[in-house]
Structures are given as structure tokens and as C-alpha cells.
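S.K.: Input: one structure, supplied below.
The values are calculated or read from the model by the stated rules, or taken from the named source; none is laboratory data. The shown structure was predicted, so the numbers you read here are calculated from the model rather than taken from an experiment. So basically every Cβ, Gly included, is an ideal-geometry build from the backbone, and we count neighbours across all protein chains shown. With ligands, DNA and RNA removed, areas are computed over all heavy atoms of the protein, side chains included. Shrake-Rupley method; radii C 1.70, N 1.55, O 1.52, S 1.80 Å.
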Amino acid sequence: QQKVQQSPESLIVPEGGMASLNCTSSDRNVDYFWWYRQHSGKSPKMLMSIFSNGEKEEGRFTVHLNKASLHTSLHIRDSQPSDSALYLCAAFGSNYNVLYFGSGTKLTVEP
Amino acid sequence: EAAVTQSPRNKVTVTGGNVTLSCRQTNSHNYMYWYRQDTGHGLRLIHYSYGAGNLQIGDVPDGYKATRTTQEDFFLLLELASPSQTSLYFCASSSDRGDTEVFFGKGTRLTVV
């Protein structure tokens, strides 16, 4: 069973719109969540991380975390075509040695 | 920014052939990883290492061997390649476990015909 589940699999939003991506873990040992972004033909790069309950904002990107439900979400406001990419959620727990990645959400921002 | 270099970038081999994928990091990172990426599966961990001579099994190790010869170098070996191993392979490194940022190489596209 995958430790990290992401939804939706794909998402299309208009330019200037809000994109909301979800990620949940089924493992109670998860302590940290990471979001990575992978543009087509490129390697994944870390976008944001969140370790504490609540919200973290960096520019147009906001991440929420609810540790009780092991759910994190990434919100992109004023979406741009350059935001079109595969967004990967990853989780780390205290009894892990490595990150576990979800299958990703493919975001397309249409001009 | 942390540097992870993979070679070759593209490789075509025949079924039953031997393939070695190479990875070098110059970040002085302890952890190195090999992932494969296939549509619908995200990144799946094949093997990882936390130092020279160390090897740990990941989630999808069947058909793969790996060796960490130095702090910098990590190799992935496919000794009897099969078409199911056609994939995009990423090497990555991090200074510590999964609670630190992971840096990825540019990937190796492997095709087994």
C-alpha cells in the first residue's frame, strides 16, 4: 500500500485562477510533508515543506497541514502557464530513513 | 545549488543485456538514492545508501543491484535487463534522512528493447 496518496491525478485551471492540490498519508508515523515540482522533461525540485500544523505561505504558494488527519494541501493563486507541471507530495516519518513520494498531480494552466 | 550528475542521459539496450547507470554528487551528502519514474506511479525507490560501502533496499529492488563505491559515487546495475525496466531513472542525494531536502540529477532515460 502506498504511504502517500495524491488527488486529483490531473487538474486544469485557467490562467489567473486558483489551483488546489491534495495529499494524504495513511501512516500515522508521518512527521513531515514536502512538495516537489517537476516541469516536463526536467527533474523534481523542492517547492515547499511543512512540518507543523497550520499554514505556510511563500509568494503565490500556500501549504496547509492538518497533522491529525495527515492531510496537506498546496494552493497556487493567480496561476500562471509556467506553473504547469507535475506536483509531487512526499512524506517522511520518524521511523523512516527516506522520503516516500505520491504519484503526483499533473497541473495544466491554460492561457 | 547541490549538484548531482547522472550518466548516460539516454541508453538503449536489448533484453538480457547488462546496464550500469552512474551517479556522482559533489555536495558531501551522506544519502544517495536511485528512483524510477513511470507514469501513474510517481517516484519509486529502488535502492539507497547512507555512505560508502552501505546499501539499503528500497521498495522496488527486484532486478536491480547497486553499489556505493565512494561518498560521491553511486551505481545502479541491471544485469539481465527486461522490457519492464524501461523507465526514467533519477539519482538523488540529501545531507541526511528524509527530513532534509533531496536534490535530483537530470535523469537517465533507459529503453530495453
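S.K.: What accessible area, summed over both chains, is buried at the A-B interface (1.4 Å probe, Å², nearest 100)?
M.R.: Numbers: alone 5990 and 5970 Å², together 10230 Å².
Summed over both sides, the interface buries about 1700 Å².
S.K.: Under 10 Å, Cα contacts only: if you run a Gaussian network model on chain A, which one of A:62, A:24, A:72 comes out with the highest mean-square fluctuation?
M.R.: A:62
S.K.: So, one more: Could you give the dipole magnitude of the range A:15-106 about its Cα centre, charging the beta-carbon of Lys and Arg +1 and that of Asp and Glu -1, in debye to the nearest 20? Write out the running numbers ahead of the final one.
M.R.: Values: 9 positive and 8 negative charges, 38 e Å.
Once rounded to the nearest 20, the dipole reads 180 debye.
S.K.: Still on this model: GNM, chain B, Cα, under 10 Å: largest mean-square fluctuation among B:74, B:90, B:103?
M.R.: So, out of B:74, B:90, B:103, the one fluctuating most is B:103.
S.K.: Note the full-extension length gain between residue B:41 and residue B:95 as 0.36 nm times their separation in residues minus their Cα-Cα distance, in nm to one decimal. Numbers along the way, then the final one.
M.R.: On the way: separation 54, 0.36 × 54 = 19.44 nm, distance 2.56 nm.
Full-extension gain reported as 16.9 nm.
S.K.: Farthest toward the dipole's positive end in the protein assembly as shown, which of A:74, B:93, A:19, given Cβ charges of +1 (Lys, Arg) and -1 (Asp, Glu) about the Cα centre?
M.R.: B:93
S.K.: Related question: Please give me, ordered by residue number, the chymotrypsin sites (Phe, Trp or Tyr not before Pro) of the range A:1-60 that lie in loop per DSSP and have at most 16 other Cβ atoms within 10 Å. Please list the in-between numbers first.
M.R.: Working: sites: A:32, A:33, A:34, A:35, A:36, A:51; in loops: A:51.
When the chymotrypsin sites (Phe, Trp or Tyr not before Pro) of the range A:1-60 are filtered for loop state and at most 16 Cβ neighbours within 10 Å, A:51 remain.
S.K.: Still on this structure: Determine, from the Cβ-Cβ distance of residue B:86 and residue A:42 and an R0 of 22 Å, the FRET efficiency 1/(1 + (r/R0)^6), rounded to the nearest 0.05. Present the calculation step by step, with values, prior to reporting the outcome.
M.R.: Values: r = 20 Å, r/R0 = 0.90.
Rounded to the nearest 0.05, the efficiency is 0.65.
S.K.: Let me ask you something else. If I build a Gaussian network model for chain B, linking alpha-carbon pairs within less than 10 angstrom, which residue out of B:49, B:94, B:84 has the largest mean-square fluctuation?
M.R.: B:84
S.K.: Straight-line reach from residue A:3: which lysines have a Cα under 17 Å away, not including same-chain ones fewer than 8 places off?
M.R.: Of all the lysines, those that pass the test against residue A:3 - Cα under 17 Å, at least 8 places apart if same chain - are A:67.
S.K.: Would you tell me the accessible area of residue A:110, worked out with a 1.4 angstrom probe on the heavy atoms of the protein chains, in Å² to the nearest 10?
M.R.: Accessible area, nearest 10 Å²: 100 Å².
S.K.: Magnitude of the Cβ-charge dipole of the range B:31-113, K/R +1 and D/E -1, about the Cα centre, nearest 20 debye?
M.R.: The dipole magnitude comes to about 200 debye.
S.K.: Quote the charge dipole size of the protein assembly as shown about the Cα centre in Debye, to the nearest 20; the model charges only the Cβ of Lys and Arg (+1) and of Asp and Glu (-1). Write out the running numbers ahead of the final one.
M.R.: Numbers: 20 positive and 20 negative charges, 89 e Å.
Dipole of the protein assembly as shown, to the nearest 20 debye: 420 debye.
S.K.: Another question, if that's okay. For the range A:1-47, which trypsin sites (Lys or Arg not before Pro) are in a loop by DSSP, counting at most 15 other Cβ atoms within 10 Å?
M.R.: Answer in residue order: A:28, A:42.
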